[in-house]
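All remarks here apply to the structure that follows.
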Amino acid sequence: MTRQNKSQFRPVAVPDVELDGFWGKWQDAVCDSTAAILLDRCEKAGMIQAIDVNQPSPGIVIPIDEKWTGSTQMFWDSDLGKSIETIAYSLYRKPNAELEARADAIIDMYEKLQQEDGYMNAWFQRVQPGKRWTNLRDHHELYCAGHLMEAAVAYYQATGKRKLLDIMCRYADHMITVFGHSEGQIPGYCGHQEVELALVKMARVTGEKKYLDLSKFFIDERGKEPHFFTAEALRGGRDPKDYVHKTYEYSQAHETVREQQKVVGHAVRAMYQYSGMADIATEYHDDTLTNALETLWDDLTVKQMYVTGGIGPAASNEGFTDYYDLPNDTAYAETCASVGLVFWASRMLGRGPNRRYADVMEQALYNGALTGLALDGKTFFYDNPLESTGKHHRWVWHRCPCCPPNIARLVASVGSYMYAVADNEIAVHLYGESSVKAQLEGGKVKLTQHTDYPWNGDIRIDVDVDGTAEFGIALRIPEWAEGASLKVNGETVDLASSVVDGYARLSRPWKKGDVIALDLPLDLRPQYASPKVRQDVGRVAFARGPLIYCVEETDNGHDLNAFVVPQKLGGHRTKTIEGLNGAVAVELDVSREDSSGWNGSLYRTRPAEQVPATVTLVPYHLWDNREPGAMLVWLQTGK
C-alpha cells in the first residue's frame, strides 16, 4: 500500500506548550512532589553512589537472579535517565534551582563516568567491568543508554544546557563504531527495546542523520536469521535454550519486524519497538514498516486491550497471553505498558492525523497510564487491575522502579502529545486547557484552548498569527463524540465533508482573532466486551468522554458485585466529588441484589431478590486516592 499523504507530522517540543486546567494540576503535582521524590528514592536505593567515581562502587545491591544472570540493578541508569527527563520538564513549568542543581550534579557524575571511547554504563563499569556488550539479550545496556538519551534531549530543550546531550552524542557515536556488519562489529540489538526511539529524538534535536541510521539498523536487524541472540549465547559459552523465557517472542525477536503480525511477549518491550518502528517509518517514508504496524495495531486493539487502554494481562511475562484473555482482578496491565502504548499511538500519527490511533492514545493516557500516579504525585501503581477486593494499593517504591518516572515524565511532557506539526499544518490530537506555539511555512502560529475538558466537552480555540497566514488545522473528532459540532467564527462547519480519517481538516487563510468552537458531547456510554472475553460476559462498563469509570467501596459500601445495571439505562446524574480535583462523578439508578434472607446458607434454589439502588461511579484513574476499599470496573447486567 502506497500512501498519498507524504506529510511528516512531528510532535511539538515540550517548552512550546503551556498547560492549565486538568493537565496543569497533574503537572503541578509532578513539579511539587514527584520530581524531587524520584531523586530522593533513587538516591536512597544507591543509584547516585553507583555512578559517582569519587565513591566506592556499591557492588551488587540487588542480588543477581541466576535464571537470567541479571539484576534489576542493571537498569539503574534508566531510572536516573527517566528521573532527569521528568525534572527537565518540571523545570520548564516551575523553575527550581535546588532540583536543577541536583540534576546538574548527576550529569557531572556521568561526564566523569564516561570512558574515553564514549562508553558509559554504571553496572558494566563499576560492578561487572569487562562484560560490556557480551549479553545484549538480557542485560539492558542499550535500553539504559536510550533512556539517558531521552533525558539529554529533554534537559537540553528545557534548560539549554548541552552537557548531557554532548555526553550521549559521544556514546551514540561510539555505538556507531560498535554495531554493524563490518569486521569486528556486532550485528546485534538490545533485548529490551528503547534505544531505537531515543536515537530518533537525538537525530531530530541535533540534525544528525547518522543517529536515524543507527536506529534503523537496530530495527532492521531484529529477528534476522542466523539469529543474533543464539550466536551471542554460543560465543559466551551459554546454552541458547537455557533462557528464562524460552522464546524470542518475549522480546519480539522471533521474526523480522516486517513479518510480525501478532503482538506477543513483554508488553513494554513491544510498545517501545513499535514506537521506534513508527518513527523510522515517518522519517524514511517506509510503507513496509507502516503496513506491519497497522496489522499489529489491529491485533492489539481488537483482541488484546483492556477497556482502560491497559495491555499485558499476565504477571508471568509482564505481557501478552492469548487472544481475548483479559482477566480483571489479576490484570497486570503495567503502567509502563500503557505509557508505551501512548508513545506508539503518538508516533503512528507521524504519517498523518488518524483518530484510530489518537483515540487509543487518549484512552490509554487517561485510563491505563494516569492511574499509575496518585493525585498528590507521591505514590504509584505498577500493575493496574480492573477489580480489587481492597488489597491493592499504590506503593512508595519498587525493586524495579520503572513505572514512577515513566508516568511522571509522560505527565510532565503531555503537551507534546497534544499537538503535532507538519510543514504547513498543525494537528490537535488531544484537548485540554493549553496554548501552543508553532512555526509553519505560513508563519508563526499560536493556538489557545479554553476548556474544562475532560469534565466538559465545550472547547474554544483562539487563533493568533501575524497578519494573515494560510495553513491547515486538523481537529480530532473522537469516534465516541456522537453529535459533535464545529464552528469557525460562528459559522457552522459541515463535519461530513471536512472530516478525513476522523479529523476535521480546516485549511484556509487564518487571522488573529479567529475562533474555533468545538462541542464534543460527553454522554454516559455503556461499554460491552466481545462475548469472546469470558471474564466480562454479562457485564457492562461505563465511559464518559475519554474516561472509563469504576465503582469504589468508599462511595457504595460493600459487595460491589451485587449491583445490577438494567440493559435499558435509567436516570443518571453528574456531580463533583470533593478532594478529587474537580472530578465529575456519575450517579446511576440500578438495582442491588439483597444478600439478606439466606439464613446462613451459601447456596439456595432461587436467586437473590433485587431492590432499587443508586451506584456512584468515579473516573478509574482516580481510584485509591481516598479511603481504601474495593473497586470494580465491570458491573453485572440484568434484564
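What ranking, highest mean first, results for peptides 257-265, 230-238, 134-142, 497-505 when packing means the other Cβ atoms within 10 Å averaged over each residue?
Details: 257-265: 19.4, 230-238: 13.8, 134-142: 23.0, 497-505: 16.9.
Averaged packing, sorted descending, gives the order 134-142, 257-265, 497-505, 230-238.
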Query raised in the report: What is the spread of the Cα atoms of the chain along each of their three principal axes, largest first, in whole Å?
Result: 74, 72, 52
**Report entry** Distance from region 363-382 to region 481-554 (C-alpha centre basis), Å
**Finding:** 22
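For ILE516, ILE548, what ranking results if the residue with the fewest other Cβ atoms within 10 Å of its Cβ goes first? Kindly include the intermediate steps, with their values, before the conclusion.
Working: ILE516 22, ILE548 26.
Placing the least packed residue first, the sequence is ILE516, ILE548.
For a quick check: sort GLU587, GLU225 by the number of other beta carbons within 10 angstrom, fewest at the front. Walk me through the intermediate numbers first.
On the way: GLU587 15, GLU225 8.
Final ranking by Cβ density, sparse to dense: GLU225, GLU587.
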Report summary line: If amide H atoms are modeled at 1.01 Å from N in the peptide plane, then the residues at a separation of 5 or more from LEU522, or on another chain, having amide H under 5 Å from its own are GLY457
Requested in this report: Determine ³J(HN,Hα), in whole Hz, for all residues of region 552-564 in sequence, where each value follows from phi through the Karplus function 6.51 cos²θ - 1.76 cosθ + 1.60 and θ = phi - 60°; x replaces Gly and Pro.
Outcome: 10, 4, 4, 9, 10, x, 6, 6, 5, 6, 7, 6, 10
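Please sort 94-104, 398-408, 166-176 by packing, taking for each peptide the average over its residues of neighbouring beta carbons within 10 angstrom, highest first. Mind showing how you got there, number by number?
Values: 94-104: 15.0, 398-408: 23.7, 166-176: 20.0.
Ranked from most to least packed, the peptides come out as 398-408, 166-176, 94-104.
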Requested in this report: Starting from the amide H of ILE426, placed 1.01 Å from N in the peptide plane, find each other amide H under 5 Å away whose residue is 5 or more places distant or on another chain.
Outcome: GLY472, ILE473, ALA474
**Report entry** FRET efficiency, 1/(1 + (r/R0)^6) with R0 30 Å, evaluated for ILE186 and HIS285 via beta carbons
**Finding:** 0.60
Query - Percentage, to the nearest whole number, of Cα pairs in region 422-519 over 24 Å apart - result: 15
Query raised in the report: When a footprinting reagent is the concern and you count Cβ atoms within 10 Å, what order do TYR248, TYR549 take, fewest first?
Result: TYR248, TYR549
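Quick one: if the Förster radius is 22 Å, what FRET efficiency do LEU602 and ALA315 give, using the C-beta to C-beta distance and rounding to 0.05? The partial results should precede the final answer.
Values: r = 30 Å, r/R0 = 1.37.
So, using R0 = 22 Å, E works out to roughly 0.15.
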Query raised in the report: Relative to the Cα centre, what is the charge dipole magnitude of the chain, using +1 at the beta carbon of each Lys and Arg, -1 at the beta carbon of each Asp and Glu, and rounding to the nearest 20 debye?
Result: 300
Query raised in the report: Any idea what the relative contact order of region 1-142 is, in percent, if you count C-alpha pairs under 8 Å spaced at least 6 apart?
Result: 28
Query - Semi-axes of the equivalent ellipsoid for region 1-76, Cα gyration tensor, largest first, Å - result: 38, 24, 13
**Report entry** Amide H contacts under 5 Å for ILE577, placed H, 5+ residues apart
**Finding:** ALA583, ALA585
Query raised in the report: What order do you get for 288-295, 86-93 when each peptide is scored by the mean count of other beta carbon atoms within 10 Å, highest first?
Result: 86-93, 288-295
Query - FRET E, pair GLN115, THR69, Förster distance 25 Å, beta-carbon r, rounded to 0.05 - result: 0.60
**Report entry** In order through region 86-97: 3J(HN,Hα) via Karplus (6.51 cos²θ - 1.76 cosθ + 1.60), integer Hz, x for Gly, Pro
**Finding:** 4, 4, 4, 5, 5, 5, 5, 6, 9, x, 8, 4
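How big is the shadow of the Cα convex hull of region 526-637, averaged over all directions, in nm²? Mind showing how you got there, number by number?
Values: hull surface 33.1 nm².
If I average the Cα hull's projected area over directions, I get 8.3 nm².
Would you please classify the overall shape of region 178-301 from the alpha carbon gyration tensor, given that a ≥ b ≥ c denote the square roots of the eigenvalues, rounded means a/c under 1.5, and beyond that prolate means a/b larger than b/c while oblate covers the rest?
Numbers: a/c = 2.03, a/b = 1.18, b/c = 1.71.
Oblate shape, in that a/c is at least 1.5 and b/c is the bigger or equal ratio.
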Query raised in the report: Per residue and in cubic angstrom, what volume does the convex hull of the Cα atoms of region 18-142 have?
Result: 132
Query - Cα centroid separation, region 93-129 to region 600-619 (Å) - result: 57
Query raised in the report: Beyond 14 Å, what share of the Cα-Cα pairs of region 241-306 remains, rounded to the nearest whole percent?
Result: 58
Report task. Count neighbours as other Cβ atoms within 10 Å of each site's Cβ, and list the chymotrypsin sites (Phe, Trp or Tyr not before Pro) in region 591-639 that are DSSP loop with at most 14 such neighbours. Result -> TRP598, TYR603
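Quick note: the coordinates plus some simple rules give every number you see, no bench work behind them. Source: prediction; values computed, not measured. Methodologically, a virtual Cβ is constructed for each residue, glycine included, from the backbone with ideal geometry; neighbour enumeration extends over all protein chains shown.
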